[in-house]
């Protein structure tokens, strides 16, 4: 059952144990996803601050592929810092309710208030973030969700994006994106 941000925001903030339970309950669909799950669980077990960006070695993040009401297109952001097309998402900022964090980030980055999130993760992705001015290279241990937009949703570009765009799976070939985004499209939209 999908949940909206207002309903999730009414719940108390959850801690690292809750995040661990979400990741450990994830049912991998292949060997790579099993390895990603094991990497995230080992990181959680070794870092009591894994929910905070102050954990310089890395931290948990949450993201979602926002799907249009017809279920044909996904919303991507042309990310300012990374200069490529990616799903919406970001830091969990201490909240172990990873679905709520993903939904919060999707609302903030899309400007669409009435989004809903499926509370069970659909994908995991551990990737390195390059060093920048004030932070070293580090891990983003991303837990990914399916997020649904309502009919007539109108996106608004945030300060974190160059642009936002709705794309069908076939249009990904012409975008500067990565295999993990293509995988999210396959998992949520097929093809």
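Nothing in this text is a laboratory measurement; each read-out follows from the coordinates by a stated rule. No experiment lies behind these values; they were computed from the predicted model shown. Here the Cβ positions follow ideal geometry from the backbone for every residue, glycine too, while neighbour counts run over all protein chains shown.
Once you have the Kirkwood Rh of the chain from its Cα pairs, apply Stokes-Einstein at 4 °C and 1.567 mPa s and quote D in µm²/s. Please list the in-between numbers first.
Values: Rh = 16.6 Å.
Rounded to a whole number, D works out at 78 µm²/s.
With the Cα gyration tensor of the stretch 111-159 in hand, give its eigenvalues times 5 under a square root as the equivalent ellipsoid semi-axes, listed largest first in whole angstrom.
Square roots of five times the eigenvalues give 28, 18, 6 Å.
When a/c is below 1.5 the answer is rounded, else prolate if a/b is larger than b/c, else oblate, so apply that to the stretch 66-117 with a ≥ b ≥ c taken from the square roots of the Cα gyration tensor eigenvalues.
Oblate, because a/c is 1.5 or more while a/b does not exceed b/c.
As an exercise, use a Förster radius of 22 Å and the Cβ-Cβ distance of residue 54 and residue 158 to find the FRET efficiency, rounded to the nearest 0.05.
Rounded to the nearest 0.05, the efficiency is 0.45.
Expressed as an acute angle from 0 to 90° and rounded to the nearest 10, what is the orientation of the C-alpha long axis of helix 31-46 relative to the principal long axis of the chain?
50
Note the direction-averaged projected area, equal to a quarter of the hull surface, for the Cα convex hull of the stretch 18-129, in nm².
Numbers: hull surface 29.7 nm².
Orientation-averaged projected area of the Cα hull: 7.4 nm².
Nearest 10 degrees is fine. How inclined is helix 16-25 to the longest principal axis of the chain, computing both from alpha carbons?
Orientation of helix 16-25: about 70 degrees from the principal axis.
What distance in nm separates the two pseudo spin-label positions at residue 170 and residue 129, each 7 Å out from Cα along the beta-carbon direction?
3.6
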